[in-house]
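Visitor: This is the structure I want to talk about, given as structure tokens.
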Amino acid sequence: MQFSERLKQLPAAVHIASIALTDAAGQVVATLENKPGQAGSVAVYHALATLYGGVVTPAAARLGLEWYAEHTADAQAHPGKHPNIDRLLAWAEGTAAYGVTEVPQPGA
């Protein structure tokens, strides 16, 4: 399934302004803003957090890579081009879980 089709199946994320990803020490390792170019990643990480109790585990990362579909292969071929996918590639091979904190849109 293509990424654009997968996005239609994921829970809506329009109510989210941004997502902060944190390590085990609670330090923010990345922030995803719900804006063009990152909105699809916000939807993916939101859906993963919903399914995995607010964290991205290695299993969640592997599922996210499936959802990114054709973009995962492109990220593997061009490291650095898709940082939100690169992160999942690394996390899928590890053992750590990363926290997901969602910041709501104003008035949401």
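Visitor: Taking residue 102 as the residue in question, decide whether it is surrounded by 12 or more Cβ atoms within 10 Å (Cβ to Cβ) and acidic (Asp, Glu). Step through it out loud before you land on a result.
Guide: Values: surrounded by 12 or more Cβ atoms within 10 Å (Cβ to Cβ): yes; acidic (Asp, Glu): yes.
Judged against the criteria, residue 102 is a match.
Visitor: To continue, here is another question. Sort through 20, 49, 97, 13 and tell me the only one that's surrounded by 14 or more Cβ atoms within 10 Å (Cβ to Cβ), out of contact with any strand residue (DSSP E or B) (no Cβ under 7 Å at 6 or more places or on another chain) and at pLDDT 95 or above.
Guide: On the way: 20 fails: out of contact with any strand residue (DSSP E or B) (no Cβ under 7 Å at 6 or more places or on another chain); 49 fails: out of contact with any strand residue (DSSP E or B) (no Cβ under 7 Å at 6 or more places or on another chain); 97 fails: out of contact with any strand residue (DSSP E or B) (no Cβ under 7 Å at 6 or more places or on another chain).
Matching residue, one of 20, 49, 97, 13: 13.
Visitor: Which one of 28, 44 is exposed (fewer than 15 other Cβ atoms within 10 Å of the Cβ), modelled with pLDDT of 95 or more and of a type in the set (A, V, I, L, M)?
Guide: Details: 44 fails: exposed (fewer than 15 other Cβ atoms within 10 Å of the Cβ).
Checking each option against the conditions leaves just 28.
Visitor: Give me the pairs: first residue in segment 12-26 and under 17 Å from residue 107 (Cα atoms), second residue assigned to a loop (DSSP other than H, G, I, E, B) and open to solvent by 80 Å² or more (accessible area, probe 1.4 Å), beta-carbon distance under 6 Å, and six or more apart or on different chains, which are they?
Guide: That search, which allows pairs on different chains as well, returns 15/108.
Visitor: Looking at segment 52-61 only, could you name the residues that are open to solvent by 10 Å² or more (accessible area, probe 1.4 Å) and closer than 14 Å to residue 19 by Cβ?
Guide: Our first condition is that a residue be open to solvent by 10 Å² or more (accessible area, probe 1.4 Å); within segment 52-61, this holds for 52-55, 57-59.
52, 54, 55 - these are the residues of segment 52-61 that are open to solvent by 10 Å² or more (accessible area, probe 1.4 Å) and closer than 14 Å to residue 19 by Cβ.
Visitor: Moving on to the next point. Give segment 67-83 a look and list any residue that's within 12 Å of the chain's Cα centre (by Cα) and surrounded by fewer than 20 Cβ atoms within 10 Å (Cβ to Cβ), or say none.
Guide: Going residue by residue through segment 67-83, those that are within 12 Å of the chain's Cα centre (by Cα) are 67-68, 82-83.
Answer for segment 67-83, where residues must be within 12 Å of the chain's Cα centre (by Cα) and surrounded by fewer than 20 Cβ atoms within 10 Å (Cβ to Cβ): 82, 83.
Visitor: Additional query: If you go through segment 53-91, how many residues are among the small types (Gly, Ala, Ser) and farther than 22 Å from residue 5 by Cβ? Please lay out each step first, then the result.
Guide: Pass one, segment 53-91, residues among the small types (Gly, Ala, Ser): 53-54, 59-61, 64, 69, 73, 75, 77, 80, 90.
Next cut, farther than 22 Å from residue 5 by Cβ only: 53-54, 59, 80, 90.
Residues flagged as among the small types (Gly, Ala, Ser) and farther than 22 Å from residue 5 by Cβ within segment 53-91 amount to 5.
The values are calculated or read from the model by the stated rules, or taken from the named source; none is laboratory data. Keep in mind the model is a prediction, meaning the values are calculated, not measured. Note that each Cβ is placed from the backbone with ideal geometry, even for glycine, and that neighbours are counted across all protein chains shown. Just so you know, the surface numbers come from the protein's heavy atoms only, side chains and all, with ligands and any DNA or RNA stripped out. Shrake-Rupley method; radii C 1.70, N 1.55, O 1.52, S 1.80 Å.
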